[in-house]
Structures are given as structure tokens and as C-alpha cells.
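Okay, so here's the structure we're looking at.
The values are calculated or read from the model by the stated rules, or taken from the named source; none is laboratory data. A quick note: this is a predicted structure, and the numbers were derived from the prediction, not measured. Neighbour counts run over all protein chains shown; Cβ positions are idealised from the backbone, glycine included.
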Amino acid sequence: MKIRHSALVAAVAASTLALAGCAGSSSDQAGGGGADQPYRVMITAGLGGQGALAANAKTSVLAAKAGAQVVNGKGGVGGRQVELTVVDDGGDPTTAVTKLREAISSNKKPDLFLDSGPSTVALAVLPILKQNSILSFNISPTEATSDPKQFPLNFDLAPGPDVNNVAIAGYAKGKGYDAVGIIHSSSGSGEAYGAAAKKALSDAGIKVTDNQVFDPAALDMTPQLQSLKNSGAKALVVDAYGAPLGYLLQSLQRLDWNVPLIGQTTVSATNLIATDPPTGVLGTPQVANLVTQVFRSTVHDANDTEVNQMVDTMKSLGDIPSTLILADNFDAFQLVAAAADHAGTTTDAKKLAAALETGSVLEKAETAFLPRYNFTADSHAAAPNTDAYKFVAPSKIVNGQFGNPNA
């Protein structure tokens with residue numbers, strides 16, 4: 001998964017946002033609520049969690065609301081106006097499964113299902129979605145979630161660690177770093193990032209001097225960093241999210257090692273680096289050598305029409321509490337609308353999935369979070385080109401974006 005971590009225990013509440021009231025006039029009659037009904041979309045998120053995880057969930061839901069509003073303004077999905085139902089799953093897979101089953105049995109079966117992570121939620125609901133022929137988009141990729149042989153109706157919106165690290169390797173090579181160390185957490189996602197970084201760097205002809213692992217509960221990473229320093233690393237690729245990132249930066253400062261740091265997307269999703277002291281480390285020596293990987297949409301660009309429309313719509317619906325690296329779900333609506341236009345159906349999930357594997361559909365979809373997804377019949381993983389990424393120094397975040405001159 002990208003940055004969506006351990007399950008949370010929280011109170012469960014459901015709310016429905018009816019973003020428009022009128023359905024279109026298609027002749028489709030199978031699945032979901034039927035073509036004479038609103039296009040029903042269900043999203044689950046850990047809204048009742050604490051701290052960064054709750055903020056990330058709120059951003060994910062806000063992006064979905066904005067995506068629905070934009071598509072409805074263009075006529076909906078195949079002429080059907082989107083009705084978005086938001087469910088607080090607390091990050092708990094059992095709750096997500098329960099709420100999904102309730103929706104299916106209540107004659108309000110969703111036409112489309114979205115999640116907000118972690119990957120345990122996706123892996124719990126995907127078999128049910130498959131059994132009930134429900135199209136889905138997932139933002140916490142695993143090897144299974146992007147495999148069309150296992151889940152032919154699911155597509156991953158968030159790029160996985162393999163794609164992310166190809167971009168990181170290209171950045172490191174462009175900087176002339178010919179010997180790079182890796183440090184990552186021992187979580188499942190951390191191990192995936194570590195393995196992908198090692199492969200991508202090696203494939204790019206860059207020597208991986210050492211690959212160190214830390215326990216997410218650890219308060220000191222000095223031994224691992226000392227080993228990396230001794231290995232001759234000229235730069236470090238770092239995977240760390242939340243509090244562990246702070247402890248890693250403190251350990252590096254204690255070691256007095258002035259080494260360039262390349263942060264994974266986990267780093268860019270940690271508000272610590274974008275917050276002034278005492279609650280953050282922005283502007284301190286701890287981040288003086290840090291650049292972090294983000295998507296192009298996470299960096300302010302006054303000329304990027306699609307991204308600015310996404311940001312403006314999200315702002316109109318509420319404050320954006322975390323970076324736009326959590327705004328994956330905005331694109332779900334643009335993708336399914338383009339697929340419906342191509343397939344001539346809003347209710348046949350198999351035909352919609354086939355359309356999403358078609359290059360012309362992906363080219364037509366007016367996505368903003370990523371410029372292009374490149375799904376294929378063999379892989380439902382998001383596979384953006386390297387120009388979808390940027391590497392930026394920490395800065396204040398304004399409306400979920402780095403580099404805003406109004407910060």
C-alpha cells in the first residue's frame with residue numbers, strides 16, 4: 001500500500017451525500033440501482049480515527065465528493081447523476097465488510113465502490129465486490145488488488161512501490177548518485193517499498209550500498225543509519241510515515257551525517273515536514289537535505305487547469321486537511337464516466353472494466369490526480385509515466401499542495 005497503514009478502532013457512522021437528484025435516461029437495466037436511478041457510489045474511510053490517518057481519510061473523501069460534483073456538472077455517468085454515500089469504517093476491515101453487505105442487501109447496491117485505505121480494507125471487501133459484480137477503485141495497492149485474474153473489476157488508483165521507485169531511481173541517476181542506501185520500516189508496505197527501491201536502483205545501474213530496516217515503534221534509528229554511512233552511501237532513499245519519520249530525522253542529526261535524502265511518497269504525506277517547529281521540522285537542519293516524491297498534482301501550478309479545478313472544487317466543499325497525495329478518488333469519477341461513454345452502459349461492470357483497459361478511454365478521461373493511468377488487460381495497476389512525479393523540498397502546504405506562493 002502507498003501510505004495507508006494500520007487499522008483504526010473508531011465509532012462507525014454513515015452519511016449520504018446526494019450530489020444531484022435527477023437520473024439520466026439510459027436503456028440499461030442490469031445491476032446497481034438500474035439506469036433510471038442515480039449512479040450509486042459508496043466510499044468507506046477511517047473518518048473516526050485519530051491524527052494523520054483521520055486527516056488523510058477526510059482528504060480522500062473530500063476528493064471523492066469533488067469528483068462526483070465535477071462529473072455531475074458534466075451530465076453524470078452515462079447520463080445518470082452520481083449519488084455518493086460516505087461510510088466511516090474506522091479503518092476496520094470488518095466494519096467495511098459489514099457496511100458493504102448492508103448496502104447490497106438493502107436494495108441500494110452500489111454501482112461503484114471506493115475505499116480510502118488501508119490495504120486490509122480493500123483485501124477484505126474485494127471478494128464481496130467480485131461476487132456481486134461491483135466495479136471498484138482502490139487507493140491502497142497490493143500485488144493482489146491490481147491482478148485482473150483475481151479481481152477483474154478492481155482498478156488501483158494509487159501507483160504501487162514498483163512504479164514510484166522507477167521515478168526515484170531516475171531522479172537519483174539524474175543527480176549523479178551512483179551509490180545509494182535504503183532505509184524503510186518493517187511494516188508490510190515498508191518491506192514492499194524497500195524491495196522495489198532496491199530493484200529500481202539496481203536496474204538503473206546505481207549501486208545499492210545497504211538496505212536497512214527499522215521497527216515502526218522504534219525511537220532511535222542511529223544503528224541503521226550508522227551502517228548506511230559505513231557502506232559509503234552518497235544518498236539515502238527513505239520510507240517513513242508519521243512519527244517514525246521524526247525519529248529517523250532526529251537520529252540522522254545526532255549522527256551528524258550530511259547526506260542527501262530522497263523521501264518516498266510516505267514522507268510527503270507526513271505533515272511533520274510541512275509544519276513549523278515546535279510541532280514540525282520545516283525550516284530546520286533536519287530537512288535541509290531532504291527532497292520528497294510527490295505527484296505533479298501535489299505541487300501548485302497556476303497553469304494546470306484540471307488540477308486547479310480539482311483543488312477549487314475540494315475547497316468549495318471544505319478544508320483540505322492533508323496533502324493532495326491522498327486525492328486519488330477524484331479521478332475515479334472521471335475514469336468511470338469515460339468508460340461509460342465508450343461502453344454504452346453504466347450497469348454492466350464487465351464492459352466498464354474492459355473499457356478501462358482501453359487506451360483511448362484512458363486518454364479521454366479528464367483525470368487530475370494523475371495525468372494517465374495506463375491500465376491494461378494484464379494489469380489493473382496505476383502505471384503513470386515518470387513525468388507524473390516531482391521531487392520537491394519541504395514547504396508549507398496550502399490547499400493540499402506544496403510550492404504555493406501564497407504560503
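Some points to look at:
- Subset tally (residues that are in a loop (DSSP other than H, G, I, E, B) and either of a type in the set (D, E, K, R) or in contact with a Phe, Trp or Tyr (Cβ under 8 Å, 6 or more places away or on another chain) (or both)) for the range 332-364: 3
- Residue in the range 282-292 that is over 20 Å from Ala218 (Cβ atoms), within 19 Å of the chain's Cα centre (by Cα) and buried (at least 24 other Cβ atoms within 10 Å of the Cβ) present: yes
- Hits in the range 172-188 (condition: part of a helix (DSSP H, G or I) and either touching a helix residue (DSSP H, G or I) at 6+ places or on another chain (Cβ under 8 Å) or closer than 21 Å to Leu245 by Cα (or both)): Ala172, Gly188
- Within the range 224-269, the residues that satisfy the criterion of being among the polar types (S, T, N, Q) and surrounded by fewer than 24 Cβ atoms within 10 Å (Cβ to Cβ) are Gln224, Gln226, Ser227, Asn230, Ser231, Gln250, Ser251, Gln253, Asn258.
- Check on Val61, assigned to a helix (DSSP H, G or I), surrounded by 22 or more Cβ atoms within 10 Å (Cβ to Cβ) and at pLDDT below 95: no
- Long-range neighbours under 9 Å by Cβ, at least six apart or interchain, first residue not assigned by TED's automatic domain parsing to the domain that holds Val336 within the range 131-152, second of a type outside the set (Asp, Glu) and part of a loop (DSSP other than H, G, I, E, B): none
For every residue, the table says whether it meets (1) in contact with a Ser or Thr (Cβ under 6 Å, 6 or more places away or on another chain); (2) part of a strand (DSSP E or B); (3) at pLDDT below 95; (4) within 30 Å of Val398 (Cα to Cα).
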site	(1), (2), (3), (4)
Gly190	no, no, yes, yes
Pro223	no, no, no, no
Ser227	no, no, no, no
Leu236	no, yes, no, yes
Leu248	no, no, no, yes
Val267	yes, no, yes, yes
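- Residue count for the range 378-397, restricted to those that are more than 16 Å from Asn165 (Cβ to Cβ), in contact with a Ser or Thr (Cβ under 9 Å, 6 or more places away or on another chain) and not in a strand (DSSP E or B): 6
- Each residue in the range 50-107 was checked for being in contact with a Leu (Cβ under 8 Å, 6 or more places away or on another chain) and at positive phi, and 2 of them qualify.
- Qualifying residues in the range 64-107 (those that are touching a Ser or Thr at 6+ places or on another chain (Cβ under 7 Å) and assigned to a loop (DSSP other than H, G, I, E, B)) - the one surrounded by the fewest Cβ atoms within 10 Å (Cβ to Cβ): Gly79
- Residues of the range 352-388 that turn out to be over 26 Å from Lys74 (Cα atoms) and among the small types (Gly, Ala, Ser), as a count: 4
- In the range 386-407, of all residues being at pLDDT 90 or above and of a type in the set (A, V, I, L, M), the one that is surrounded by the fewest Cβ atoms within 10 Å (Cβ to Cβ) corresponds to Ala393.
- A count restricted to the range 109-131 and to residues that are small (Gly, Ala, Ser) and out of contact with any helix residue (DSSP H, G or I) (no Cβ under 6 Å at 6 or more places or on another chain) stands at 3.
- Considering residues of the range 143-199 that are β-branched (Val, Ile, Thr) and surrounded by fewer than 24 Cβ atoms within 10 Å (Cβ to Cβ) only, the residue nearest to the chain's Cα centre (by Cα): Val163
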